[in-house]
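Below is one structure, written out as structure tokens; the observations come after it.
Taken together, the values in this text are just the output of simple stated rules run on the coordinates, not laboratory data. All of these numbers come straight from a predicted model, not from anything done at the bench. All Cβ positions, even for glycine, are placed from backbone atoms using ideal geometry, and neighbour counts span all protein chains on display.
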Amino acid sequence: MPRVGITAYDLLISCPGDVIEYLDEIKASVENFNRVFGVLNNIEVVTKHWSTDSYPQSGDKPQELLNKQFVRECDVAIAIFWTRFGTPTDKYGSGTEEEIEEMLLAKKQVFMYFLDAPINPSQVDMEQYKKIKDFKDKYKDEGIYAIIKDKHELQREFTNHLAMHFLPLISGEKVPSSESMKPILQIRDANSMSEESLYLFNTNLCDSKFIKDKKEAIANKIHIIQSNKFPPRTSVIPKEKDYDATKDTPDFIKNINMKMIMQNTKFPLANEDAEIYEDWKKIIIDFGLKNNIVIDYDFWNVGNLKKQISTITTVLGGGGTSYDGTEEEKDRYNLLRDLYWEVIAYNEYRNYFSYIDKLSFVKCAVLNIGSSFDEDIDVKLIIPKGYLLNCSDLPYPGMNIIEELLDMKFIDFMFTIKETESVEGYRYYPVSTSIYPDILNNNPFNKISASEEYMRNKRKYKESIESIFNYKFFKNEEKDVMVFHIAYLKHNTSMAFPSIMMFTNIPEYMEYEITSKHMAEVIKGRIEFQKK
């Protein structure tokens, strides 16, 4: 539908050439204001800049022509200075200064900002820079400008200043005082947004679909092996088999002239019946007993499969073990081996998830219910001693599951607080360093051992956990303390803690202290814990 009776306010953008890239931030702030406040109140702020709103004209000085075309018609203005003051006009030190003075003489609002960003002295015109300092000193006691450090701070400041200027005009109220325009911060439960209670919850990972699917896959594999019966082993005395280096040596050994060393030499192989290891049997039988699966004696039968152990040793290592038999016998043996490792991994998941299921968790957020944004916020959480679990106290997953958990980003899924329509996600995690792949992993002569691979995965796991639990932990005789930081929080906005909080037992309460850039006093509070 067309909007009727819109009140439009023209905003003059006046910037020297060295801050022209800040135009996008100004326009983004205006667009946000129009979307949030303008649509509801039938007003619109329209930006004006010489590059888009002037046209070729003669008959007067260039700046005066701009003044006549649109500058004097604007309702408000924004000006930004950094290192350049601009080109002088007939009346003032620069076109920007003239536009500002025109607006101030007409008693119109000017949003003025000075950029305090790093500069390269060799690229600065010191005469221009001195003019900026003199102009800044001219207005230092009038409170009409602000200092900004970058584009993000400009957008935050300007968006807030637009609201402070235009909302009273919309409502007909007086401009609020600086005392009323201030942030008010609180700690709340991130789910219920309750300011009185934090609601603890538990996980049920051991009964999750993930675990049930793994258990079902193991049970199906047991059924497949059990339904495929093998005849009893025959008593056949195996013939002696010699090792012929010219035939049995791997190609990569031949390629490095090992063939010349082993030419015409024969090495015997130890040849014996292949049996399933007792450790395998114990682990698989134990799984069957816990899940009401009966495993027959014939389950371990691999027919007449033979195990051959080479007794030679080359410069590249031991000879290893191979198996001799039909393809069906080899497949059955491989199925049993894979089943064993699947049960091992399943048990490791159960152990790791059982530990997490015994913990209690809470999701918290910091809420700014004030009428202004806040910055440089430090939050201190104080909990009675003996309840809080530090992330460093979490156990490592087992050797056979840790890589899978890392690949599926379990840590992020389990411990971060997801963004919702009412709570923003935490935005100030440390920048992660790249983990470069080890080129030795792809080298067949430098394969690392399973224990070495596990140690690498444990380091990755530890780094991931610590990056999410972005707190500083402190302990004293009576309390456990966690501290974290929020760089910026808009008014009427909530931001989640860096991660969930973990407890071995349920405390009665948590105290907190909040300090920030725009609050003179320390905010203190206490909030009770409730069990869901």
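If R0 is 60 Å, the Cβ-Cβ spacing of A520 and E404 corresponds to a FRET efficiency of close to 0.70. At full extension, S354 and R459 could sit 35.6 nm farther apart than now, given 0.36 nm per residue minus the alpha carbon distance.
By other beta-carbon atoms within 10 Å, ranking W82, W280 with the fewest at the front produces W280, W82. For a straight C-alpha distance cut-off of 20 angstrom, the aspartates and glutamates reachable from K517 (same-chain residues fewer than eight places away being disregarded) are D116, D150, E153, E157, E179, D374, E375, D376, D378. From least to most packed, judged by other beta carbons within 10 angstrom and beginning with the fewest, I144, I283 follow the order I144, I283.
Once the chain from K133 to D60 is taken as fully extended at 0.36 nm per residue, the excess over their C-alpha distance is 23.2 nm. With 10 Å bins beginning at zero, the pair-distance distribution over Cα atoms of region 1-55 amounts to 21, 47, 26, 6, 0 %. Taking 24 Å as the straight-line reach from the Cα of K215, the lysines in range (excluding those fewer than 8 positions away in the same chain) are K229, K281, K282, K290, K358, K409.
Based on the Cβ-Cβ distance from K531 to T52, what FRET efficiency comes out when R0 is 60 Å, to the nearest 0.05? Approximately 0.50, to the nearest 0.05.
Taking a virtual spin label 7 Å from the Cα of N470 along the C-beta vector, which residues in region 487-503 bring their backbone nitrogen under 12 Å of it? Once the point is set 7 Å along Cα→Cβ of N470, 487-488, 496-499 turn out to lie under 12 Å by backbone N, inside region 487-503.
Here A106 and L40 are evaluated by their C-beta separation; at R0 = 25 Å the FRET efficiency comes out at 0.30. A simple spin-label model places pseudo-atoms 7 Å from Cα toward Cβ; at Y429 and E196 they are separated by 3.5 nm.
With a bin width of 10 angstrom, please list the P(r) values of region 7-175 as percents of all Cα-Cα pairs, from the 0 bin to the one holding the largest distance. Reading the bins upward from 0: 9, 38, 37, 14, 2, 0. According to the calculation over all Cα-Cα pairs in region 469-532, the P(r) per 10 Å bin from zero is 14, 48, 31, 6 %.
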